[in-house]
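The values are calculated or read from the model by the stated rules, or taken from the named source; none is laboratory data. Everything numeric in this text was worked out from a predicted model, so none of it was measured. Heads up: the accessible areas ignore ligands, DNA and RNA and are worked out on the full protein's heavy atoms, side chains in. Shrake-Rupley method; radii C 1.70, N 1.55, O 1.52, S 1.80 Å.
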Amino acid sequence: IYTERANHARDFILQEDLHDYDGLISVGGDGMFAELCHGLLLRTSREKNLDINDPKVNLVRPDLRIGIIPAGSTDAIVFGTTG
């Protein structure tokens, strides 16, 4: 999708049926990656009925993989994950 506002990617991930997806790819900078990652973690937590406000909760790894195509100004996430 082409995002049109802040948190558009996160909201899409929370609402879309993702069962036919093999993974998600973020094309953008650190903010886009953060939206994608947080949306996927939040969705997975909701599906597993986890309370993300509980500091003792163990988050569950999402089933979908995340890919990153760097297209931002600094791309610190890509630098930090791939060097």
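Here are the numbers:
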{"item": "Cα-based Rg of the chain normalised by 2.2 N^0.38 Å, two decimals", "result": "1.13"}
{"item": "Carbon/sulfur fraction of accessible area - the chain, other protein chains in place, 1.4 Å, %", "result": "50 percent"}
{"item": "Amide proton proximity set for residue 26, modelled H, under 5 Å, gap of 5+", "result": "67, 68, 69"}
{"item": "Accessible surface, the chain, averaged per residue in Å² (probe 1.4 Å)", "result": "74 Å²"}
{"item": "Global form of the range 12-55, assessed from the alpha-carbon gyration tensor, a/c cut-off 1.5", "result": "oblate"}
{"item": "Degrees separating the helix 30-47 axis from the principal Cα axis of the chain, which is the longest one", "result": "20 degrees"}
